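Undergrad: Sharing a structure here in structure tokens format.
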Amino acid sequence: MNSANQRKLVSFGKYEFTGKTIGKGNYASVVEAKFENKRYALKIIDLVNARDNYVKRNYKREAEILKELKHPNIIHLHEALESQNYFVLVLEIVPENLCDYVRNYRRGKLEESTARIFFCQLVSAVSYLHEKGFIHRDLKLENVLIDRLRQRIKLTGKKWFNNLKLTVIF
């Protein structure tokens, strides 16, 4: 996102930015925001500065897919907002990704019991996606968020694909 545009934004709709940037990419930023004492992650897609034609054609796709997905281990979309210059996904906020969590955990290794819990949750999320006809095309530790307090992972990412047609070959 263009830094000049980002400085101008202190809120979007009813959401007040806290000043914390969670992540940043070529055409989008994820910032922390508050509304009624609840925290949210706002993924702000800069429509003015998005040069990639794929982004311009498909920026609403992630919201459309997330609206269909209701699973405890997939990031929850609260709402999507749009203005002339921005498209915003209002998502539940999850403190960190699994890559950072593992890196900072006892010499970069999880205990087997903890890894088993996270792996079962990840398999559950991916299985649910497949049942609903979706695949996640960018499954990596950075796209697996973790809530340490609840020992729960949340799958996120922008590369969702629908209309999955599986053929089972025996």
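The values are calculated or read from the model by the stated rules, or taken from the named source; none is laboratory data. Since we're looking at a predicted model, the values are computed, not measured. So basically every Cβ, Gly included, is an ideal-geometry build from the backbone, and we count neighbours across all protein chains shown. Ligands, DNA and RNA are excluded from the accessible area calculation, which covers all protein heavy atoms including side chains. Shrake-Rupley method; radii C 1.70, N 1.55, O 1.52, S 1.80 Å.
Undergrad: In whole percent, how big is the carbon plus sulfur part of the accessible area of the chain, probe 1.4 Å, protein atoms only?
TA: Roughly 49 percent of what the probe reaches on the chain is carbon or sulfur.
Undergrad: Same structure again: Okay, helix-only estimate at 222 nm for the chain: each DSSP H run of n ≥ 4 adds -39500 (n - 2.57), divide by all residues, round to 500 deg cm²/dmol; what do you get?
TA: Mean residue ellipticity, 222 nm, calculated: -8000 deg cm²/dmol.
Undergrad: Under unit Cβ charges (Lys, Arg +1; Asp, Glu -1), what dipole magnitude, rounded to 20 debye, does the chain have relative to its Cα centre?
TA: It comes to approximately 240 debye.
Undergrad: Right, next: What is the Cα centroid distance between region 6-77 and region 89-159, reported in whole angstrom?
TA: Region 6-77 and region 89-159 have Cα centres spaced 19 Å from each other.
Undergrad: Another question about this same structure. Are there trypsin sites (Lys or Arg not before Pro) in region 1-108 that DSSP puts in a loop and that have at most 13 other Cβ atoms within 10 Å, and which ones?
TA: When the trypsin sites (Lys or Arg not before Pro) of region 1-108 are filtered for loop state and at most 13 Cβ neighbours within 10 Å, LYS14, ARG51, LYS60, LYS70 remain.
Undergrad: Hey, what do the phi angles of region 67-80 turn into as Karplus ³J(HN,Hα) couplings, whole Hz, using 6.51/-1.76/1.60 and θ = phi - 60°, x for Gly and Pro?
TA: Each residue of region 67-80 in turn: 4, 7, 9, 10, 8, x, 10, 10, 3, 9, 8, 7, 6, 10 Hz.
Undergrad: For mean projected area of the Cα convex hull in nm², the listed values are [x] 13.8; [y] 11.9; [z] 19.8; which was obtained by calculation from the structure presented?
TA: [y]
Undergrad: Longest exposed-loop-site-free stretch of the chain, with GluC sites (Glu not before Pro), DSSP loop and at most 14 other Cβ within 10 Å?
TA: 37-110
Undergrad: Residues of the chain: accessible area per residue at 1.4 Å, in Å²? It would help to have the intermediate numbers written out before the result.
TA: Values: 10580 Å² over 170 residues.
Spelled out: the 1.4 Å probe surface of the chain, per residue, equals 62 Å².
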